[in-house]
1. With the checklist (1) in contact with a helix residue (DSSP H, G or I) (Cβ under 7 Å, 6 or more places away or on another chain); (2) more than 17 Å from ASN137 (Cα to Cα); (3) outside any helix (DSSP H, G or I) in hand, flag the one item VAL178 doesn't pass.
2. I'm told PRO94 meets every condition in (1) open to solvent by 30 Å² or more (accessible area, probe 1.4 Å); (2) part of a loop (DSSP other than H, G, I, E, B); (3) modelled with pLDDT of 95 or more except one. Can you identify the failing condition by its number?
3. Every residue in segment 138-155 that is in contact with a helix residue (DSSP H, G or I) (Cβ under 8 Å, 6 or more places away or on another chain), open to solvent by 20 Å² or more (accessible area, probe 1.4 Å) and more than 10 Å from the ligand (Cβ to nearest atom), please.
4. Does segment 1-44 hold any residues that are assigned to a helix (DSSP H, G or I), within 11 Å of the ligand (Cβ to nearest atom) and out of contact with any Pro (no Cβ under 9 Å at 6 or more places or on another chain), and which are they?
5. How about segment 156-178: which of its residues are more than 13 Å from the ligand (Cβ to nearest atom) and buried (at least 21 other Cβ atoms within 10 Å of the Cβ)?
6. Tell me yes or no: at least one residue of segment 97-105 is over 26 Å from PHE234 (Cα atoms), in contact with a Pro (Cβ under 8 Å, 6 or more places away or on another chain) and away from the ligand (no atom under 13 Å from the Cβ).
7. Pick from ALA14, ALA70: which is without any contact (Cβ under 8 Å) to a residue 40 or more places away in the chain and closer than 25 Å to PHE105 by Cα?
8. Any chance segment 214-233 includes a residue that's touching a helix residue (DSSP H, G or I) at 6+ places or on another chain (Cβ under 6 Å), touching a residue at least 60 places away in the same chain (Cβ under 8 Å) and outside any helix (DSSP H, G or I)?
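The values are calculated or read from the model by the stated rules, or taken from the named source; none is laboratory data. None of these values were measured; they are calculated from a predicted model. Positions of Cβ are generated from backbone atoms using ideal geometry, with glycine treated the same way; all protein chains shown enter the neighbour counts. The protein model used for the area step is the full one, side chains on, heavy atoms only, and it has no ligands, DNA or RNA in it. Shrake-Rupley method; radii C 1.70, N 1.55, O 1.52, S 1.80 Å.
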Amino acid sequence: MDLGIAGKRALVCASSKGLGRGCAEALAEAGVDLVLNARGAEALEATAQDIRARYGVTVTAIAGDITKDADRARVLDAAGDIDILVTNAGGPPPGKWADWTRDDFIRALDANMLTPIALMTALMPAMIDRGWGRVVNITSQSVKAPIPQLGLSNAARTGLTGYVAGTARQVAAYGVTVNNLLPGSHDTDRAVALEKGVATAQNVSLDEARKIRCKSIPSGRYGTITEFGATCAFLCSQHAGFIVGQNILLDGGQTSATI
Ligand code: NAP
């Protein structure tokens, strides 16, 4: 399917690896020029070079912490006019409700709620002026069904979801769509980190830990960044112009709910 977005320009945040990279690759395959970002310059430049070589699109790499005001300003400055925005950043650490301080909440809200909002606030006015834009926020399945030890993430991402629900309806008339993608367990570095936690807690090997985690997923496996990226690219396509303010789960059926 021709997604109809060749020649558009996308900013994909936190995209040297994992889900962000999956989105960047799928957009590049559709002919979209990219601005990529991550904190580590070396991995970011390697990803940028790989995508340039494979898809022949223009790729600009801006190293920096997207959750920090000064770095984000540099990324936005270098990015210039953007048609497609994919927001993403690392998630807050796990813990227990009684231990979280006000500062922990402020950090989580800054990273996973106020940063995507700041990016949308900066980039959507020009999309509205041009009469076309796409925003996809990478959130989490925890928005639909909480993960108890990820209370900081549950809180910040649900706040972003509420903001998107209203804002998507304010900008839709101008050809700008805003939607959220909710990953369940995907095969990224984060999955390996979570497996290490299970391996330690249950005194099993990493392989066993992966099997234990996969058993709780009706598909019996993790999602891939290619599947995730393809869904993102479709949401950014010309065909998805009537999809507004939605929360799309990619979790292999793990969230057991009728709708
Ligand atoms: P990942 O494989 O660890 O990749 C994270 C990417 O984001 C890397 O490129 C990393 O590069 C970059 N990054 C992290 N923090 C950043 C920051 N502050 N500024 C700029 N770049 C940053 O992670 P992932 O699995 O793709 O997860 C992406 C998001 O989805 C996270 O918020 C995660 O909590 C959420 N999520 C993931 C899953 C899953 O199963 N994978 C499930 C639910 C939710 P640098 O480290 O060099 O900055």
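1. (2)
2. For PRO94, the exception is condition (3).
3. Correct list: PRO146, ASN154, ALA155.
4. Of the residues in segment 1-44, the ones assigned to a helix (DSSP H, G or I) are 18-29, 41-44.
Those left that are additionally within 11 Å of the ligand (Cβ to nearest atom): 18-24, 41-44.
Residues satisfying the conditions are GLY18, GLY20, ARG21, GLY22, CYS23, ALA24, ALA41, GLU42, ALA43, LEU44.
5. Hits for segment 156-178 are VAL164, VAL176, THR177, VAL178.
6. We begin by selecting, within segment 97-105, every residue over 26 Å from PHE234 (Cα atoms); these are 97-105.
Right, trim to in contact with a Pro (Cβ under 8 Å, 6 or more places away or on another chain) and you get 104.
Applying the additional criterion that residues be away from the ligand (no atom under 13 Å from the Cβ) yields 104.
Checking segment 97-105: at least one residue is over 26 Å from PHE234 (Cα atoms), in contact with a Pro (Cβ under 8 Å, 6 or more places away or on another chain) and away from the ligand (no atom under 13 Å from the Cβ).
7. On the way: ALA14 fails: without any contact (Cβ under 8 Å) to a residue 40 or more places away in the chain.
From the options ALA14, ALA70, the qualifying one is ALA70.
8. Looking through segment 214-233, none of the residues is touching a helix residue (DSSP H, G or I) at 6+ places or on another chain (Cβ under 6 Å), touching a residue at least 60 places away in the same chain (Cβ under 8 Å) and outside any helix (DSSP H, G or I).
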